[in-house]
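Below is one structure, written out as structure tokens; comments come after it.
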Amino acid sequence: MQVEIFQDSKELASSTAQFIINMVREKPTATFILTSGDTPVQTYKKIVELAQANDFAQATFIGLDEWVGIPATSEGSCRYIVEENLLKPLNINPAQYTFFDSMTDDLQSECERVDKLLFEKGGADLILVGVGLNGHIGLNEPGTSFDLYCHVSALAEITKTTGQKYFKQGTELTQGITIGLKHLLEAGTAIMIATGEKKAEVIKEVVIQEPNINFPATVFKLHKNGHIWVDKAAASLLQ
């Protein structure tokens, strides 16, 4: 696991964007698992700014997670955030991307569908994630096995609370459907990005703790090519 500290969120976003563009130029058929949330939006906008028209013409995109019961058209869904900030501005063909159907009556089949796609692709070339205040990755909450592929999770109380920021009005959040940590471990490259002082304690814990399921972000210590990229504020508690 390598930790890299950037001056600010702008520099972090530019570096992450360029890394992703360089990867797809080296491997045009690359498979990317992408997160939603506040932190990556700046990266996605920078990719749109820097990428050439056909850079991602053969790439595959998979959404990291979704809130169960929240439609894809909701401003708080992973699909909405990634589509609006990256895929649509890049004119990516919808046939190139997949997100969990969080409205289905058969969540297990939905997990198996996304698993199958990732297995067919030989795993992701890159998984880009943020990190929750409780150390969650995607919607893999504390206590989640590192050996799980796609699965449905019961949301922690802090996730239900902080998740409200993505919605214009109060929204009941109970479960998530998410890429599992085993897919993360099997990805060619895994990058966690974090910005701001509110993530400083989380980043400190990732660095000092041994890998353990009670702090899912520590899974990065087991990854053969795992990167923690943070701005100075998020790194402020590191020695």
Flag for residue 235 being over 28 Å from residue 61 (Cα atoms), buried (at least 19 other Cβ atoms within 10 Å of the Cβ) and not hydroxyl-bearing (Ser, Thr, Tyr):
yes
Of the candidates 137, 92, the one satisfying the condition of being within 26 Å of residue 13 (Cα to Cα), more than 18 Å from the chain's Cα centre (by Cα) and either of a type outside the set (Phe, Trp, Tyr) or surrounded by 14 or more Cβ atoms within 10 Å (Cβ to Cβ) (or both) is 92
Kindly indicate the residue of the stretch 27-74 that is touching a strand residue (DSSP E or B) at 6+ places or on another chain (Cβ under 7 Å) and of a type in the set (Asp, Glu) and also surrounded by the most Cβ atoms within 10 Å (Cβ to Cβ) among those meeting that condition.
66
So residue 196 ticks every box in (1) small (Gly, Ala, Ser); (2) at positive phi; (3) at pLDDT below 95 but one. Which box is left unticked?
(3)
Give, as residue ranges, the strands (runs of 3 or more DSSP E) completely inside the stretch 128-209 that count at least 2 residues that are of a type in the set (D, E, K, R).
none
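The values are calculated or read from the model by the stated rules, or taken from the named source; none is laboratory data. Small disclaimer: the values here were computed from a predicted structure and weren't measured. We place every Cβ from the backbone using ideal geometry, glycine too, and count neighbours over all the protein chains shown.
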